[in-house]
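Asker: First the structure, then my questions, so here it is.
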Amino acid sequence: MKNELKKWFGLACTFLFIAGLLNLSDASAQALSQNLNERDVQRIFQKANKAYQNQEYLMARTLYEEVLESVRQNSAVYYNLGNVCYQLRQWGWSRYYYEKAKKISPTDPDVRANLRIVLGKLPFSEDVVGKAWYVRLFLSILGWLTPFGWAVGGVVCLTILSIIFLIRLYSPTWSSFHSGCALLCGMALIISVLLSAVAHKVNVSGTRVIIVQSCEARYSPSLRGSLAFRIEEGLECQKIRQKDGWVFVRLDSEHAGWILKEFAGTI
């Protein structure tokens, strides 16, 4: 009986060993393939940078877009595409790519600075789309960090608040300074949690789009539909729904209509 158990145990170990080798070789092949792809992408990226330096902006844009087919969430590629479109005076596309870069790297000073510059090039003021100054201020503050960043800020505030309460419990001295710090940390904690929740809700429920090229909005999703209004490039609006290559967008409570999908860049 013991010999039978040893035999089956040996066979099982041999099977697991062979399976492990096969899995390892497959993983190695996948890693090699991935490295080759990464090298190809890096080569195309460097070629695009060289084209940009040589002021071959159309070629640079084509190459950067080729990189995006393999690397979707890359702030540097979006930022460079924003620069290329700026040089091509395509303000709507430039803003779109800067907004994509900002979504990935909201604290990047270069992205924020260039976004402000391209906003100054747009042929309109965003006041016309129904955003009061306090709404724009709130959205600006909300954009300082990602939802995860605001959540981390809340955790930091909670940690500091816990330390202060431990000092309160075990320290014989308690001053108004400690009370003030505890109050400030408590307020910062509440604000961080609220901003994290709001930012998450905006990212999930509100689909922001940038009008990458001036176009006409219509009352129905068809070129035969009646003209509703004209939308200038670079405007930000909300995507409500999509149908047959058309997107229904809303600028404010008074302006909503259907535009072709290729004119709406989803952030």
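The values are calculated or read from the model by the stated rules, or taken from the named source; none is laboratory data. The structure presented is a predicted model; accordingly, all values stated were derived computationally and were not measured. Ideal geometry is used to build each Cβ from the backbone, glycine not excepted, and the neighbour counts take in all protein chains shown.
Asker: Restricting to the stretch 162-190, count the residues that are within 21 Å of Gly149 (Cα to Cα) and β-branched (Val, Ile, Thr).
Answerer: The qualifying residues number 1.
Asker: Which pairs turn up if I take residues in the stretch 227-253 that are over 16 Å from Gln213 (Cα atoms) and in contact (Cβ under 8 Å) with a residue 40 or more places away in the chain and look for partners that are not in a strand (DSSP E or B) and not aromatic (Phe, Trp, Tyr) with beta carbon separation below 6 Å, at least 6 apart in sequence or on another chain?
Answerer: Every condition considered, the pairs that remain are Asp252/Val129; Asp252/Gly130.
Asker: Name the helices (runs of 4 or more DSSP H) wholly within the stretch 39-131 that hold at least 1 residues that are acidic (Asp, Glu) and crowded, with 21+ Cβ neighbours inside 10 Å?
Answerer: Counting at least 1 such residues, we get 91-104.
Asker: Could you tell me whether any residue of the stretch 160-174 is assigned by TED's automatic domain parsing to the domain that holds Ala188, within 14 Å of Glu236 (Cβ to Cβ) and either touching a helix residue (DSSP H, G or I) at 6+ places or on another chain (Cβ under 7 Å) or modelled with pLDDT under 90 (or both)?
Answerer: Scanning the stretch 160-174 turns up no residue that is assigned by TED's automatic domain parsing to the domain that holds Ala188, within 14 Å of Glu236 (Cβ to Cβ) and either touching a helix residue (DSSP H, G or I) at 6+ places or on another chain (Cβ under 7 Å) or modelled with pLDDT under 90 (or both).
Asker: For the stretch 154-258, please list each of the strands (runs of 3 or more DSSP E) lying entirely inside it that holds at least 3 residues being under 27 Å from Lys103 (Cα atoms) and of a type in the set (Lys, Arg).
Answerer: Strands (runs of 3 or more DSSP E) meeting the threshold: 236-243.
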